[in-house]
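What follows is a single structure, written as structure tokens, with notes after it.
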């Protein structure tokens, strides 16, 4: 079984890559989904977040108000670091557990781990190869504003909290630039898939 990490800055096309590889039969483990699973109401992680950032981060039903938490931490490097120190270890541990489970069940030849903070969270050792998705900064900002209904300033704050694209590129086995559009990105992803299966 081959484990491929997929990372890249916000708005760079990680979702497109995950969708492509899933359509080819790869198993996909999404770090954002893992984070949601671990931060369910009454979970230890959610309790830690509420203690660190205030009970107002929780909705009336006890679930995490992700928008409120994002507004609280982004733009404050110290708060981002605190949140990451709290969330990265359990997320990385759960992703590693899911990879081992897939390997034990021999469910897939290729497993993709999609994580915006894959390198920052120390997940590099969990993957065999690394794909970094990139796009021009202005294009990424445009996409995220359209997708998430955020202001430009909010998008830039989230970008600032992520590893620089240049450093991600330096560590990558493959880089796919999605600036030219989905079709060109899919063509590059197809070439990577052929290589993986070869």
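The values are calculated or read from the model by the stated rules, or taken from the named source; none is laboratory data. Because the structure is a prediction, the values reported are computed rather than measured. Methodologically, a virtual Cβ is constructed for each residue, glycine included, from the backbone with ideal geometry; neighbour enumeration extends over all protein chains shown.
Please tell me if residue 157 is closer than 23 Å to residue 112 by Cα and surrounded by 12 or more Cβ atoms within 10 Å (Cβ to Cβ).
When the stated conditions are applied, residue 157 does not pass them.
Quick check on my filter: what residues within the range 162-189 are under 18 Å from residue 23 (Cβ atoms), touching a residue at least 60 places away in the same chain (Cβ under 8 Å) and assigned to a helix (DSSP H, G or I)?
Scanning the range 162-189 gives 182, 185, 186, 189.
Looking at 92, 104, 39 in this structure, which one is more than 25 Å from residue 153 (Cα to Cα), out of contact with any helix residue (DSSP H, G or I) (no Cβ under 7 Å at 6 or more places or on another chain) and surrounded by 16 or more Cβ atoms within 10 Å (Cβ to Cβ)?
92
Inside the range 107-124, can you point out the residues that are in a loop (DSSP other than H, G, I, E, B) and in contact with a strand residue (DSSP E or B) (Cβ under 8 Å, 6 or more places away or on another chain)?
Within the range 107-124, 107, 108, 109, 115, 116, 117, 118, 119, 123 qualify.
Results for (1) surrounded by 15 or more Cβ atoms within 10 Å (Cβ to Cβ); (2) under 22 Å from residue 169 (Cα atoms); (3) in contact with a strand residue (DSSP E or B) (Cβ under 9 Å, 6 or more places away or on another chain), shown as yes or no for each residue.
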residue	(1), (2), (3)
35	yes, no, no
43	yes, no, no
47	no, no, no
50	yes, no, yes
53	yes, no, no
57	yes, no, yes
66	no, no, no
79	yes, no, no
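Which residue pairs have Cβ atoms under 8 Å apart, sit 6 or more places apart or on different chains, and have a first residue in the range 92-110 that is free of Cβ contacts under 8 Å to residues at least 60 places away in the same chain and on the phi < 0 side of the Ramachandran plot and a second that is surrounded by 12 or more Cβ atoms within 10 Å (Cβ to Cβ) and assigned to a helix (DSSP H, G or I)?
Correct list of pairs: 92/126; 96/126.
Confirm whether residue 104 is modelled with pLDDT under 95, part of a helix (DSSP H, G or I) and farther than 28 Å from residue 78 by Cβ.
Considered against the rule, which asks whether it is modelled with pLDDT under 95, part of a helix (DSSP H, G or I) and farther than 28 Å from residue 78 by Cβ, residue 104 comes out as yes.
Which one is surrounded by the fewest Cβ atoms within 10 Å (Cβ to Cβ), of the residues in the range 107-135 that are under 16 Å from residue 2 (Cβ atoms) and more than 15 Å from the chain's Cα centre (by Cα)?
125
If I go through the range 68-77 residue by residue, how many of them are without any contact (Cβ under 8 Å) to a residue 40 or more places away in the chain and surrounded by fewer than 16 Cβ atoms within 10 Å (Cβ to Cβ)?
Qualifying residue count, the range 68-77: 2.
Can you find a residue in the range 139-155 that is closer than 25 Å to residue 99 by Cα, out of contact with any helix residue (DSSP H, G or I) (no Cβ under 6 Å at 6 or more places or on another chain) and in a helix (DSSP H, G or I)?
Checking the range 139-155: not a single residue is closer than 25 Å to residue 99 by Cα, out of contact with any helix residue (DSSP H, G or I) (no Cβ under 6 Å at 6 or more places or on another chain) and in a helix (DSSP H, G or I).
Given the criteria closer than 23 Å to residue 161 by Cα, more than 19 Å from the chain's Cα centre (by Cα) and exposed (fewer than 15 other Cβ atoms within 10 Å of the Cβ), does residue 25 qualify?
For residue 25, the condition - closer than 23 Å to residue 161 by Cα, more than 19 Å from the chain's Cα centre (by Cα) and exposed (fewer than 15 other Cβ atoms within 10 Å of the Cβ) - is not met.
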